[in-house]
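Data block below; observations after.
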């Protein structure tokens, strides 16, 4: 398959199904292509569009405008591809598998219940290990279990050799997720991956039950900017390290981690603003109440 044919197939797929086009675009890239970061940004924008539609915060006209911007940006990226960006063998296999002529276009985002997240009856806890966070989680875990609530946390429920990534994705789909926000949490790749997974599913504000520790310090805009700068630095550091490797080195997994950093960076400002706008009560108040307010909120939803 030639580069011209690849571009033609991808452009055709964009018109039919943006989500599948984004997936295929990523799968055909060489591991050292500079397009990995750009594609994750487009994926984040599209996931944000789906989320806003599910939440009913976008009119049809704004939905179409946003979708058209994503489509235009994706087509520009496709048309600017060079041969060194593309794994021709992977492209031939991937694009051939997507060539079902009978598939219907699916760019009209469906906000029906069938497209919503998986449901579950357990309460997940997302937190950074160690320090004050873990002390609070241990107390909270004991208290909620005494009240007969099913609590799911990694140290107990992620079995030996279990997939950490899949467990984090399960947290992202959880109907009720207690999030212990600390500085360590906001600077942790795994913790922030969990938080972005939660955010990209429906009803983020309704599904999370945050407890914000003092050291997170998210209430002043300058402090939130410092976290954004932190993730900018992590992206630059890893990107430069990948580029320093000998050409031909398999860096696909490293690029996926770079993409995760990029997603955190893109979504951080919106997530942090939502958290700072919530009256989450202080950890001291929660502990003084034996987490009663939190228990009642979890029981009522």
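Answer with yes or no whether residue 242 is under 29 Å from residue 27 (Cβ atoms), at pLDDT below 95 and surrounded by 18 or more Cβ atoms within 10 Å (Cβ to Cβ). It is false that residue 242 is under 29 Å from residue 27 (Cβ atoms), at pLDDT below 95 and surrounded by 18 or more Cβ atoms within 10 Å (Cβ to Cβ). The C-beta contact set for region 68-86 (first residue on the phi < 0 side of the Ramachandran plot, second residue assigned to a loop (DSSP other than H, G, I, E, B), distance under 8 angstrom, 6+ apart or interchain) comprises 71/107; 84/30; 84/33; 85/30; 85/33; 85/34; 86/30; 86/33.
Within region 35-43, is there a residue that is touching a strand residue (DSSP E or B) at 6+ places or on another chain (Cβ under 6 Å) and either surrounded by fewer than 14 Cβ atoms within 10 Å (Cβ to Cβ) or modelled with pLDDT of 75 or more (or both)?
Yes, region 35-43 has at least one match.
Count of region 172-193 residues, restricted to those that are at pLDDT below 95 and either in a loop (DSSP other than H, G, I, E, B) or crowded, with 23+ Cβ neighbours inside 10 Å (or both), is 2. Contact map, region 193-216: first residue at positive phi, second residue outside any strand (DSSP E or B) and surrounded by fewer than 20 Cβ atoms within 10 Å (Cβ to Cβ), Cβ cut-off under 7 Å, separation 6 or more or different chains; pairs are 203/55. The set of residues from region 133-165 being within 28 Å of residue 215 (Cα to Cα), touching a residue at least 40 places away in the same chain (Cβ under 8 Å) and surrounded by fewer than 16 Cβ atoms within 10 Å (Cβ to Cβ) comprises just one member, 139.
The values are calculated or read from the model by the stated rules, or taken from the named source; none is laboratory data. As the structure is a computational prediction, the values presented were derived from the model and not from experiment. Cβ sites come from the backbone with ideal geometry, for glycine too, and all protein chains shown count toward neighbours.
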